Amino acid sequence: MDGHVIVIGGPTASGKTALAIQIAKKLGTEIISADSRQVYRELNIGVARPSELELSEVPHHFIADRSITDNFNAGKFSEEGRQVLDSLISKNGTAVVCGGTGLYIRALLYGLDALPEINTEIRNKVSELWKAEGLKGIQKELLAIQPNAADLLALDNPARVQRALELVWSTGLSLDAIWAKKESPVPYQIHGYYLNPERKKLYSYIDQRTAEMFQNGLISEAEGLQKFRHFKALQTVGYSEVFEYLEAKISLEITRQKVAQHTRNYAKRQLTWFRNTSGFQAISPESAEDIIFDTLNSHGYSIH
């Protein structure tokens, strides 16, 4: 197979972007971002979008290139991303994929079967359960069917939990079975890695990033997005907690603590996904670059 795809995954705040830029620069290629939130131009501070300097170093695709009002999902990312991937391989022989959204990475590399339509009766049933028992109610129902649901999706994201429950009730299948259906993989050599820093270091990075987000204006950014808060893109760590603060439900200090804690929880779920997904090698940030280039050399790709 001609063409090499270097996939750099891992938890939030682990240094994926910096590593991807260094790899792409040395390979003379570009980066496809596999992040379900950084794709939206309205979201910046709360999703830790790469800085303008970072974006200027190497061309990035699917960063701030559409609006949260657009209908964009893993299926569309797979379709559009493959077109970009084919173009990069044709032009450069290599491409770098960088991100922490496992579903988007899987969709790009292996494709996704069309998810089943949800009938109105089941959608209404899930909606009524949400209204009556809230997030805990739908979490309980999902976990009864899918005990490892926390390894597959963000259980603190109401929209994703509702969607998952709709799917398992509609199909009678587990999420694993639904998502295991995939098309043929892309016709290139895939080299998958995920950054796996020491837990203490990772949590320190997360705390530092959280502090920087608040210093850089996360609250102001969230204020400007309140009218869109019902959109799925904003039902995520960082914005959800600040919306609570803006409604005077929690103090600023509690908001900071919750953002940091929920980000740590999210990072753990990301690591679990990469550990449980075949084709990904755990690497430390310190040795990542050497390991990646050694692998490429062993596969006959010469680094100039």
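Observations
- Qualifying residue in segment 33-40 (condition: at pLDDT 95 or above, more than 23 Å from Gln22 (Cβ to Cβ) and in contact with a strand residue (DSSP E or B) (Cβ under 7 Å, 6 or more places away or on another chain)): yes
- Considered as a group, the residues in segment 168-193 that are more than 30 Å from Ser90 (Cβ to Cβ) and more than 20 Å from the chain's Cα centre (by Cα) include one that is modelled with the lowest pLDDT, and that residue is Ala177.
For (1) in contact with a Leu (Cβ under 9 Å, 6 or more places away or on another chain); (2) surrounded by 18 or more Cβ atoms within 10 Å (Cβ to Cβ); (3) in contact (Cβ under 8 Å) with a residue 40 or more places away in the chain, each residue gets a yes or a no:
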{"residue": "Lys131", "(1), (2), (3)": "no, no, no"}
{"residue": "Gly134", "(1), (2), (3)": "no, no, no"}
{"residue": "Lys140", "(1), (2), (3)": "no, no, no"}
{"residue": "Leu143", "(1), (2), (3)": "yes, no, no"}
{"residue": "Gln146", "(1), (2), (3)": "yes, yes, no"}
{"residue": "Pro158", "(1), (2), (3)": "yes, no, yes"}
{"residue": "Glu166", "(1), (2), (3)": "no, yes, yes"}
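- For segment 87-109, a residue qualifies if it is surrounded by fewer than 17 Cβ atoms within 10 Å (Cβ to Cβ) and part of a helix (DSSP H, G or I), and the qualifying residues are Ser87, Ser90, Lys91, Asn92.
- Residue list for segment 96-127, filter: among the small types (Gly, Ala, Ser) and touching a residue at least 60 places away in the same chain (Cβ under 8 Å): Gly99, Gly100, Gly102, Gly111
- For segment 70-86, the tally of residues that are within 14 Å of Ser36 (Cα to Cα) and either part of a strand (DSSP E or B) or touching a helix residue (DSSP H, G or I) at 6+ places or on another chain (Cβ under 8 Å) (or both) stands at 5.
- Output for segment 259-268, where each listed residue is within 15 Å of Ser14 (Cα to Cα) and buried (at least 19 other Cβ atoms within 10 Å of the Cβ): Ala260, Thr263, Arg264, Tyr266, Ala267
- Selection status of Ser284, surrounded by fewer than 15 Cβ atoms within 10 Å (Cβ to Cβ) and either of a type in the set (Lys, Arg) or under 30 Å from Val96 (Cβ atoms) (or both): yes
- Only a single criterion out of (1) at pLDDT 95 or above; (2) assigned to a loop (DSSP other than H, G, I, E, B) is not satisfied by Gln261, namely (2).
- Segment 199-227 residues that are assigned by TED's automatic domain parsing to the domain that holds Arg49, paired with ones that are charged (D, E, K, R) (beta carbon under 6 Å, 6 or more apart): Tyr203/Arg264; Ile206/Arg264
- Filter result for Ile105 (hydrophobic (A, V, I, L, M, F, W, C) and more than 22 Å from the chain's Cα centre (by Cα)): no
- Within segment 222-253, the set of residues being within 15 Å of Ala211 (Cβ to Cβ) and either part of a helix (DSSP H, G or I) or touching a Cys at 6+ places or on another chain (Cβ under 8 Å) (or both) comprises Glu241, Val242, Leu252, Glu253.
- Residue ID - farthest from Val47 (Cα to Cα), chosen from residues in segment 6-18 that are aliphatic (A, V, I, L, M) and crowded, with 22+ Cβ neighbours inside 10 Å: Ile6
- Residue in segment 180-191 that is touching a Ser or Thr at 6+ places or on another chain (Cβ under 6 Å) and within 27 Å of Val237 (Cα to Cα) present: no
The values are calculated or read from the model by the stated rules, or taken from the named source; none is laboratory data. A quick note: this is a predicted structure, and the numbers were derived from the prediction, not measured. Ideal geometry is used to build each Cβ from the backbone, glycine not excepted, and the neighbour counts take in all protein chains shown.
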